[in-house]
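Data block below; observations after.
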Amino acid sequence: MTTRAERRAEKPRRPLLRSFRFWVPVGIILILVALAVAGVIVGKRVYDRGMAAKSSLEQAMPLATTVRNQILAGDTEGAKATAAQLAALTADARKQTDDDVWKSLEWVPVAGPNLHAVRTAAAVTDDLVTGAVTPATALSLDALKPKDGAIDLAGITALQSTVSQAADAVKKAAADLDTIDRDGLIDEVDSALDSLTDAVDELEPMLAPAQEILGILPAALGAETPRNYLMIFQNNAESRGTGGNPAALVLMNVDKGKISIAEQASSTDFKNARPDPVTALNPETEALYGDKVGRWVPDATMTPDFIETANIMRAWWAEEFDAPVDAVVSFDPVGLSYLLKATGPTVVPAEEVEIQGRTVRVIDEPVTLTAENAVPLLLNEAYIRFPTGLEQDAFFAAAARSVFTALTSGTAEPKALLDALLKAVDENRLLYAPASEAEAKLVAESKLSGRLPSTNESTTVVGVYVNDRTQSKMDYYMQLDVKAASTQCTAPDSPAFTTTATLTNTIGADQAAKLPKAIHTTRFFPRGHVATDLVFYGPVGSTLKSVTIDGKAVKASSLQHLGRSAVKVPVHNPPGQKHTVVAEFTGAAGEYGPLEVRHTPMVRPVPVDAQAPGC
């Protein structure tokens, strides 16, 4: 018989924040049939008790949904009242299956093991309600909500206590389910226990990381010592591997929950065009991308390894400024537009801004920044409205401050902010290089880390990354479409992985002719033309087989990077033109996780089609 641990290992884990439903009494609907069947086996008295328990649980079912919705909506008082009703009903179901007569029959062949299983399942359900659901009614994301520019550390501690209690309840439920001997169970009872066990198994791996997150959050918010976070804003209009040119930088200080801007800078504030990299580079990175990754700030984000990018940016900052950097965060204007849906519009004031040692006034009247206009304004219109680099930097600095004020004012709903951040992480628009080993362990190789997985065990990742060579802001007009296919499940001894990237220059010739110099310098390419390096990564341990452009084979040499075979393919797109590049890799024999595509987050949405027949 398959053990609980084996069944658990076979199930893929769901993302922590998307599956965080520990307040749902998962066992309620799962034991109703089992109660009825077991009761019929042993006689009327036990049957009557079983039906009474069944009735209580049936009444509890809609309350479970209600309390979940109330918690999500922030209705604390309503959730507490509903949870009290729910707890009374599950307690009654437990009482009905926990009397001496019921227990005395648990030694009877056939019926006995089923009665014990039903009693244990009812107890587990009640424990989940009292130990997890009821405490969860006190949960409020408002504890994470800034107030007057600060986050309440005491509120974070209270959250940690509540989640720990829920985690203990789920751990006990799992242990109790492990005590059940499944060999003599009838199909209905065994099936119900399978469902209940699966639900508990889903909760365990979610609550443990939640405890860890809340455990390190006070330190991350400067509870013990102040923290400095270097935030780099990647400009997607000039594509780089993890997003774009890191043109704007902000040093954020967090001290005992209080958040403030310590320093602002732009990529031009640093001594670019260095003769040597600002810090030692990974030799594989240098071989694939060149040493310019460490000699120019705008090129520090070319590699998909954000940890290396963060180390490079730390070195740049240390050379130019005195303040140390603890952690590095990356964001982009598209992700910013998601946040503005949560905060509502913010106003960029018409005021003087200190930039590059000069006082600059570039806005004649206030500009309202919204979720709808943030991307076109920051990535395109600003270069038309403010033609010089100094004016652009001043506007971006003022915009950053206005968004910071909106985020720290505490007016946005925490759930809306959480949803916005989750979407940004899922699209690789929010990246984080940790400040401590505990944080690094927690972030691991998740999307938030900005790292490609080091194995194919959990997921088989292929990558497509875009690096602009035009020295322009033309990627605002570029459309990337990606397809991936693998034979990992139909030919596991010699799987093939094919990645197709279609890059389209959507600007027309007439529109291109009117582009200002700030968008297209024409220094290296005619106006409106876009030159791009597409970099393809195969799975871990793969080997490049072939590359085609528009169906024609081209010579391309692969290099090893991040444990993978990678190939750089130059593409040139005049106005209105598109090119399709196909890279095929072969993998070694073995097991592969689900196929996944990672790519540069572009200005425009990137449709992705990943197919792995037979999986």
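What to note about this one:
- Over the chain, Cα pairs under 8 Å with separation of 6+ residues give a relative contact order of 12 percent.
- Over the stretch 227-425, relative contact order from alpha-carbon pairs under 8 Å, at least 6 apart, %: 21 percent
- The mean sequence distance of close C-alpha pairs (under 8 Å, at least 6 residues apart), as a share of the length of the stretch 452-611, puts its relative contact order at 38 percent.
- All lysines inside 18 Å of K80 as judged from Cα atoms, apart from same-chain residues fewer than 8 positions distant: none
- Taking θ as phi - 60° and the Karplus parameters 6.51, -1.76 and 1.60, the scalar couplings of the stretch 411-420 work out to 7, 7, 6, x, 5, 5, 5, 4, 4, 5 Hz in sequence order, x denoting glycine and proline.
- Derived from the Cα gyration tensor, the three semi-axes of the equivalent ellipsoid of the chain are 52, 31, 20 Å, largest first.
- Once backbone amide H atoms are built at 1.01 Å from N, E413 has no partners under 5 Å, excluding neighbours fewer than 5 places away on the same chain.
- Environment charge at A220 (Cβ cut-off 11 Å; Lys +1, Arg +1, Asp -1, Glu -1): -2
- Degrees separating the helix 111-128 axis from the principal Cα axis of the chain, which is the longest one: 50 degrees
- The residues packed around L595, meaning those with a beta-carbon under 12 Å from its beta-carbon, carry a net charge of 0 if Lys and Arg are +1 and Asp and Glu are -1.
- Nitroxide proxy distance, nm - points 7 Å out along Cα→Cβ at A444 and A491: 3.2 nm
- Proximal aspartates and glutamates to K95, defined as alpha-carbon separation beneath 19 angstrom and excluding residues fewer than eight positions away on the same chain: D48, E58, E106, D126, D127, D176
- Total formal charge among the other residues, if their Cβ is under 12 angstrom from that of E413, Lys/Arg +1 and Asp/Glu -1: +1
- Modelled FRET efficiency - R0 56 Å, T411 with D276, Cβ distances, 0.05 increments: 0.75
- Reachable lysines, given that their alpha-carbon falls under 21 Å from the alpha-carbon of K145 and they are not under 8 places away in the same chain: K256, K258, K341, K415, K423
- Computed lengthening from D75 to T370, 0.36 nm per intervening residue step minus Cα-Cα distance: 103.3 nm
Rule-based calculations on the coordinates, nothing more; no lab input. A quick note: this is a predicted structure, and the numbers were derived from the prediction, not measured. Using ideal geometry, Cβ is built from the backbone for each residue, glycine included, and neighbour counts are taken over all protein chains shown.
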